[in-house]
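The values are calculated or read from the model by the stated rules, or taken from the named source; none is laboratory data. Predicted model only: the values in this text are computed from it and were never measured. Note: ideal-geometry Cβ built from the backbone for every residue, glycine included; neighbour counts use all protein chains shown. Heavy atoms of the whole protein, side chains included, go into the accessibility calculation; ligands, DNA and RNA do not. Shrake-Rupley method; radii C 1.70, N 1.55, O 1.52, S 1.80 Å.
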Amino acid sequence: MEEEKTEPRPPLPDFGIGLECVTWSRVALTTDKWMAVRHSSNGVNSQLTVLNPLDGSIKYSKPIEADSVQVNPSQPIIAVKCGQKLEVYNFESNAMISKSTIHEPIAFWTWLNSDVIAMVTENFIYHWDLGKDNYPIEKMFMRHSRLAFSEIIGYKADASLKWLAITGLIPEDEKITGTTQLYSVDEDITQCIGAHVVCFSSYQYSDNMAPSTIFCVGSRDAQDHGKIHVIELGPYKNGNFAPRNSYDHIQFLDDADRYDFPVALHVSPDIGLLFLITKYGYLYLCDLESCACLCSTRISTSIIFSSTLNSTTHGILGVTRSGQIISVDVDKDDLVTYVRGRAKTANQADRLEKAITQL
């Protein structure tokens with residue numbers, strides 16, 4: 001069974017990046033266009049290297065004074081943080097775009113889209129919209145008390161920025177507990193759920209007339225069981241069926257001495273697949289409409305700490321602690337054949353086959 005194909009890329013040490021710098025806080029991979037790495041090089045304490053994770057070409061490499069960088073998901077733009085000072089510039093033209101200061105320590109920050117940078121502090125979540133002239137940093141909502149002692153590892157938003165979700169992890173006994181705070185901008189309502197990873201996407205169900213916003217959740221309990229949950233969010237669209245709320249269980253394939261848990265969840269809306277990635281290198285491929293786990297495999301023996309969707313192949317790209325850039329693509333024909341051969345999955349195979357032929 002070879003539903004997934006894993007292809008290694010040149011490892012980061014080949015670019016002069018030491019493994020001590022291949023960490024979650026130093027490597028930014030939020031798009032398949034660019035990867036930004038803050039590292040030491042030739043006696044320079046802080047060097048910024050931007051490379052293309054698909055072909056390994058270096059797009060930018062210069063000394064930098066920063067404690068964190070984030071790369072724009074669609075444009076050659078870098079956001080740089082030094083303490084509580086923020087600067088944004090185009091790394092191709094070296095043109096400064098904007099700068100600002102936030103008066104609280106930032107616990108987590110990321111690009112939500114090509115215009116908006118989100119920042120999480122101890123008490124609040126802020127947005128900085130660079131698409132608006134002289135637009136100040138805006139306070140969005142209060143961080144929930146259930147996230148008070150957690151390490152914030154993710155902040156997601158839907159395309160309209162009306163649904164926002166912040167995720168934190170807390171070590172407890174011999175497990176890692178995940179908590180996600182979901183916030184509705186229109187309703188000004190917060191809800192906390194147990195979840196290690198979440199994401200939003202726009203997806204058109206096979207029997208609906210129009211696409212809708214979906215909220216996808218991956219979690220694990222204290223045992224070896226986890227859950228994939230997909231919720232169709234409002235508002236209701238004419239011609240569509242009633243909003244869906246689907247879930248199914250998955251069984252984690254732990255090593256004997258390590259507790260594994262989800263660290264990333266990606267949606268391929270064109271095919272209707274969910275990619276759930278765990279810390280210790282397992283991939284669970286799930287059907288989006290039913291949440292059923294179609295297959296699972298180990299894609300790395302090293303820790304995967306960052307990943308993103310490959311927009312060209314509808315697979316995923318990831319970075320491991322060993323400095324390897326991995327590309328995982330789905331053999332779509334083999335997947336349809338495999339799913340069709342399983343009991344109770346004929347409908348899933350028909351939908352997958354139809355989606356693949358329309359790519």
- Query: Angle, helix 346-357 long axis vs. longest principal axis of the chain, Cα atoms, 0 to 90°, nearest 10?
  - Reply: 50
- So, counting K/R as plus one and D/E as minus one, what does the shell of residues with Cβ under 15 Å around Ile137 add up to? -1
- Note on the structure: Expressed per residue, the solvent accessible area of the chain in Å² (1.4 Å probe) is about 46
- Query: So which of Lys99/Lys132; Lys85/Lys156; Lys85/Lys139 end up more than 19 Å apart, counting from Cα to Cα?
  - Reply: Lys85/Lys156
- May I ask you to list the chymotrypsin sites (Phe, Trp or Tyr not before Pro) in segment 241-339 that are in a DSSP loop and have at most 14 other Cβ atoms within 10 Å of their Cβ? Phe241
- Item | Cut-off of 10 Å, at most 15 other beta carbons, DSSP loop: longest stretch of the chain lacking such GluC sites (Glu not before Pro) | 188-359
- Task: Only Lys, Arg, Asp and Glu count, each charged at its Cβ (+1, +1, -1, -1), so figure out the dipole size of the chain about its Cα centre, rounded to 20 debye.
- Result: 460
- Task: Quick one: compute the contact order of segment 110-250, relative version, from alpha carbon pairs under 8 angstrom and 6+ residues apart, as a percent.
- Result: 12
- Item | Viscosity 0.890 mPa s, temperature 25 °C, Stokes-Einstein D of segment 197-264 from Kirkwood C-alpha radius, µm²/s | 180
- Round to the nearest 10 and give me the degree value, 0 to 90, for the angle of helix 332-341's Cα axis relative to the longest principal axis of the chain. 40
- Task: Taking every pair of alpha-carbon atoms in segment 58-148, give the share separated by more than 15 Å as a whole percent.
- Result: 59
- Query: Ignoring any ligand, DNA or RNA, what whole percent of the accessible area of the chain comes from carbon and sulfur when the probe is 1.4 angstrom?
  - Reply: 48
- Message: Using a Debye calculation, one point per C-alpha and no hydration shell, please list log10 I(q)/I(0) for the chain at q = 0.06, 0.11 Å⁻¹ in order.
- Response: -0.22, -0.77
- Item | Largest-first principal axis extents of the Cα set of segment 111-210 (Å) | 45, 44, 24
- Message: Restricting to Cα pairs below 8 Å that are 6+ residues apart, what does the relative contact order work out to for the chain? Please round to a whole percent.
- Response: 13
- segment 266-359 - charge dipole about Cα centre, Lys and Arg +1 at Cβ, Asp and Glu -1, debye rounded to 20: 320
